[in-house]
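Shown next, in structure tokens, is the structure this report addresses.
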């Protein structure tokens, strides 16, 4: 998303609070592992993700580096290492990117490939970075993630698991860091996600069309105003947008200091066991989400309410043990489990 | 090109992994003794499988290599051609010690990078034909790690198998002929939800471990604490564990040194062989691995004699994936490979189940909780509770009274227990197809699918740049001389160099289920079992990424419950809600199913359409005013005349005193494979399927 175009402001999105919260949580804490937004067409899914771009913090990068190297980092790419040694490395700041992964993208475009020009002109093998390089330290956005080709999903999982993109193809052997927040949207009617990919999304929210008449009218009104005059609309919402950005900023600063008492750890583990999730990822995400929720609220200690809300975001897509069960969360079971966890 | 190999973010320390003792033991044992043959870790997602493997890298002992040798030759051999020459000439090459490597084999890798290929730069600049070593060379004397190994494309698996069986990598491509030693510890991790591993590859893994998250709260809390501490500050977390890591690394080195002295007492040697016999393992690989592992474990314990505990522990690691059902009649020699391909996982699976059942013998629970039985929790349990012939009482949802009077009442039956379907595999043909799925591999013409290799093609639509350049490279020197005027390019490419990418994708089938939902199906437990059968086929379809459609017929007509979709979830939901009752308009169902297939074929002429009819064949509603049964047979013949469509009939008629055999007759008309529902999970079905399905493929 370029800065000079006026995206629809995040704060101007009507309703869909859960989705907005899940997105903000990921902005505050990129380690949550992204969010999967499930819902029918036309529920502001894509709008919200694109609007997120303006709330993202600026990051330090080495100028001109295709791998977004941290200028003071220890794991610089080859080109940056050379530059650093020659003293020509120029640090700069830029906004965190939201990078699109189109459903039709090919493997070489995603992973990166042999640089055609260098190969033909100079007879040298160079790596031409792909989408994963671009998304490093940013957000990787996949619209209609359930329609992604299987082999693309495989390579995506590979990279997401390690935080490193390892390319061993087409005569190229290369690896570079690729840590990104994975944001996906999907319409469940068009097919489900593979469990393995599902599990890679930290959080999952279900969005539905707004049924309240007044709110629906408001949606249309705002959209019309935006389309008529994007700049003016953005201006109107600038204050609100700024407030959200500040809230995110504060939460980010607070996050490392948020405490997580032992009884909550126990609660998290109890919920995970009771709800029958696979592995430990759900536990980890619940804990991190609860902490991040506290930070967004301006508190330096997480509470049981945070854990409850975190469970609702972290569990829905991890509940099913079998390909055919409905995705969703049994709220009564969750409440029961929380009681049990706290009683101890 | 500058290989930036060093990208390894701070790795979670091996010794800091909570629990997962068996996995850690298996990995440690392999680090001590590479000839054990590697580890396969199977299990749920998010259970520290990959973390443990990656952490192992830090514990691998150092190895002595010939200085500067790109193939990491050991001074004592085996040697690569270059080192062999040097030594033959009487030279004693200088050596140095370095840590053994852990090399990642990413799923998106192409063949040239795995086995190695022509060094492009050397070819263009110096006109030399030289091998650029691939991953197999890098991993020599180290670990080759494949995450999600069950998703690795078959052609890469083939290369791995070749290298693993010979201990060397043979490169014959692009005018290069080269061989170099490639002895590696193969470590794979996989989630069985995504499909099983090919048996040949499975057998290559010396050890196998099932991984699951602990249910103990304290253990889980400790996982959380440590992970959070690591995420907050990886470096200082690693520092905290450094001492423990050093201790483990030392233990591995010491065990490796002690291993040659470790002996197995004769009685235990005998017991080891008995264990292998009991497990009905194929071949001798298990015996060898078992003894070696037991000795390694003893060495790790600092002993020079193997004890029963070592053997027991080793048996758990070695035999888990090799166990088979006793005793398969010796198949003819040429069928052996197929045999392994299809039967081994089943045998092994069934045996695992036996073990599971022994551990938790609660057959009654399934009856008390029909919900569990009908949905099953995973593959394992699915088979654990196969549809019983004399099962628990009727579904017990207050709907069962309808079963006695199958006429008019509409009933919704629960979905019967699922079971694992025997693999249905079609032969690969030469039709170029599009689509994605996992059942049958096929070449694809779209510019998608995995880039497998390149092929000569003077007018490529999908240029394989790397291969083209490699083809052109050796000719550069000559071509430049032939040029009249110098040009500002490094590589002169001629049409004869052009290479086309060959891509491969697994093609899914398009399966239409035509399900009888008439009143007669309500009798006994038929509908419950039918739903169970469809569910089983659906599960199979899910893993193979097939597209499915669902047609049901009852009362006065048929309807498409589920248009072609790859959302098998949706199909399940509909199946669950499918009511039963009324007459049997079989012909309606068949025609509609046929229509659905034809529509799909028009849209995508290259799909593999399959029609699955599930019925007792008692047609009693006419479409065109004729006799219902005759009409149904006519419809069946029409389908049989379409050579593209493969068919399968599942007969749900109860075996009893009187059998009408109507569905069987229908199957004959349709040229379909015919199964009775009670056979669908029987062991001997493998043979039937192999004979019927494989040979009926075009």
Residue A:118-residue A:84 pseudo-label distance in nm [points 7 Å out on the Cα-to-Cβ vector]
1.9 nm
In degrees, nearest 10, the alpha-carbon axis of helix A:331-343 is tilted away from the dominant principal axis of the alpha carbons of chain A by 80 degrees
Need one number: % antiparallel among DSSP beta bridges in the stretch B:84-217, to the nearest 5.
50 percent
Highest-fluctuation residue, A:262, A:149, A:100 considered, GNM on chain A with Cα pairs under 10 Å
A:262
Of all alpha-carbon pairs in the stretch A:1-154, indicate the percentage at a distance above 26 angstrom.
38 percent
The stretch B:65-83 residues near the modelled residue B:168 label - backbone nitrogen below 17 Å, point 7 Å along Cα→Cβ:
B:70-83
Counting DSSP beta bridges in chain A, what percent are antiparallel, to the nearest 5?
45 percent
Averaged over all directions, how much area does the convex hull of the C-alpha atoms of the stretch A:206-303 cover when projected, in nm²?
9.3 nm²
Can you compute the FRET efficiency between residue B:270 and residue B:642 using 1/(1 + (r/R0)^6), with r the Cβ-Cβ distance and R0 = 60 Å? Round to the nearest 0.05.
0.50
Assuming a viscosity of 1.567 mPa s and a temperature of 4 °C, what translational diffusion coefficient in µm² per second does Stokes-Einstein assign to the stretch B:172-260, Rh being the Kirkwood radius over Cα pairs?
71 µm²/s
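Have a look at the DSSP beta bridges in the stretch A:55-164 and tell me what percent are antiparallel, nearest 5.
So the antiparallel bridges amount to about 75 percent of the total.
Where a number appears in this text, it was derived from the coordinates with a stated rule and is not lab data. Quantities reported herein were computed from a predicted structural model and do not represent experimental measurements. Please note: Cβ atoms are built from the backbone with ideal geometry, for glycine as well, and neighbour counts cover all protein chains shown.
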